[in-house]
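The values are calculated or read from the model by the stated rules, or taken from the named source; none is laboratory data. Just so it is clear, the structure is predicted and the values come from calculations on it, not from any experiment. With ideal geometry, Cβ positions are generated from the backbone for all residues, glycine too; neighbour counts draw on all protein chains shown. For accessibility, only protein heavy atoms count, side chains too; no ligands or nucleic acids. Shrake-Rupley method; radii C 1.70, N 1.55, O 1.52, S 1.80 Å.
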Amino acid sequence: QEQVVEFEGGLVQAGGSLRLSCVASGGTFSTNTMGWFRQAPRKEREFVANINWMGSLTYYSDSVKGRFTISKDNGKNTLYLQMNSLKPEDTAVYYCAQYVDGDLRAATSYDYWGQGTQVTVSS
């Protein structure tokens, strides 16, 4: 029964950087793959990146590859998303979640979603 809370979103100018944090409690954070997703208004939830429980394997969507970095600190039960070279198209609510089973890129394969944190990138 894991719970997650995302924070450190905000407003940033195009080309700038932002780091999101996701704090988990009450579950098995250190033994599960974790992922970041985002959802823009009127659009479906989109896969961003994931990381395995050891922090040794990562995978990114093509739209963020080379700009975003996913990492985790098991000692702090915290997942991070470092976002660089931000574009207006990155504007969305960002969520973290725990992988359960199935396609690693599908939102339906994850559970224990947080409330989300807003990221707005201005032109």
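Here are a few things to note about the model shown:
- Filtered residues of the range 44-71 (kept if farther than 19 Å from ASP103 by Cβ and modelled with pLDDT of 95 or more): GLY66, ARG67, PHE68, THR69, SER71
- Residue within the range 89-99 that is of a type in the set (Gly, Ala, Ser), touching a residue at least 40 places away in the same chain (Cβ under 8 Å) and touching a Lys or Arg at 6+ places or on another chain (Cβ under 6 Å) present: yes
- Which listed residue is closer than 22 Å to VAL121 by Cα, among the acidic types (Asp, Glu) and touching a Leu at 6+ places or on another chain (Cβ under 9 Å), from GLU6, GLU89: GLU6
- For ILE70, the conditions (1) crowded, with 18+ Cβ neighbours inside 10 Å; (2) in contact with a helix residue (DSSP H, G or I) (Cβ under 8 Å, 6 or more places away or on another chain); (3) not charged (D, E, K, R) are fulfilled apart from (2).
- Of all residues making up the range 92-117, the number that are of a type in the set (S, T, N, Q) and either farther than 13 Å from ARG45 by Cβ or crowded, with 19+ Cβ neighbours inside 10 Å (or both): 3
- Positions within the range 1-51 being in a loop (DSSP other than H, G, I, E, B), of a type outside the set (Asp, Glu) and in contact with a helix residue (DSSP H, G or I) (Cβ under 8 Å, 6 or more places away or on another chain), in sequence order: ALA14, ARG45
- Of all residues making up the range 85-100, the number that are under 18 Å from GLN118 (Cα atoms) and in a loop (DSSP other than H, G, I, E, B): 4
- The one condition from (1) surrounded by 13 or more Cβ atoms within 10 Å (Cβ to Cβ); (2) more than 14 Å from the chain's Cα centre (by Cα) that THR33 does not meet is (2).
- Test: GLN82 is more than 19 Å from GLY116 (Cβ to Cβ), surrounded by fewer than 14 Cβ atoms within 10 Å (Cβ to Cβ) and in contact with a strand residue (DSSP E or B) (Cβ under 7 Å, 6 or more places away or on another chain): no
- Test: residue in the range 52-66 that is closer than 19 Å to VAL5 by Cα, in a strand (DSSP E or B) and either open to solvent by less than 60 Å² (accessible area, probe 1.4 Å) or of a type in the set (A, V, I, L, M, F, W, C) (or both): no
- Among the residues making up the range 101-123, those that are in a strand (DSSP E or B) and β-branched (Val, Ile, Thr) are THR117, VAL119, THR120, VAL121.
- Looking only at the range 5-30, residues that are open to solvent by 50 Å² or more (accessible area, probe 1.4 Å), under 19 Å from TYR60 (Cα atoms) and under 12 Å from the mean Cα position of the chain (by Cα) come to 1 in all.
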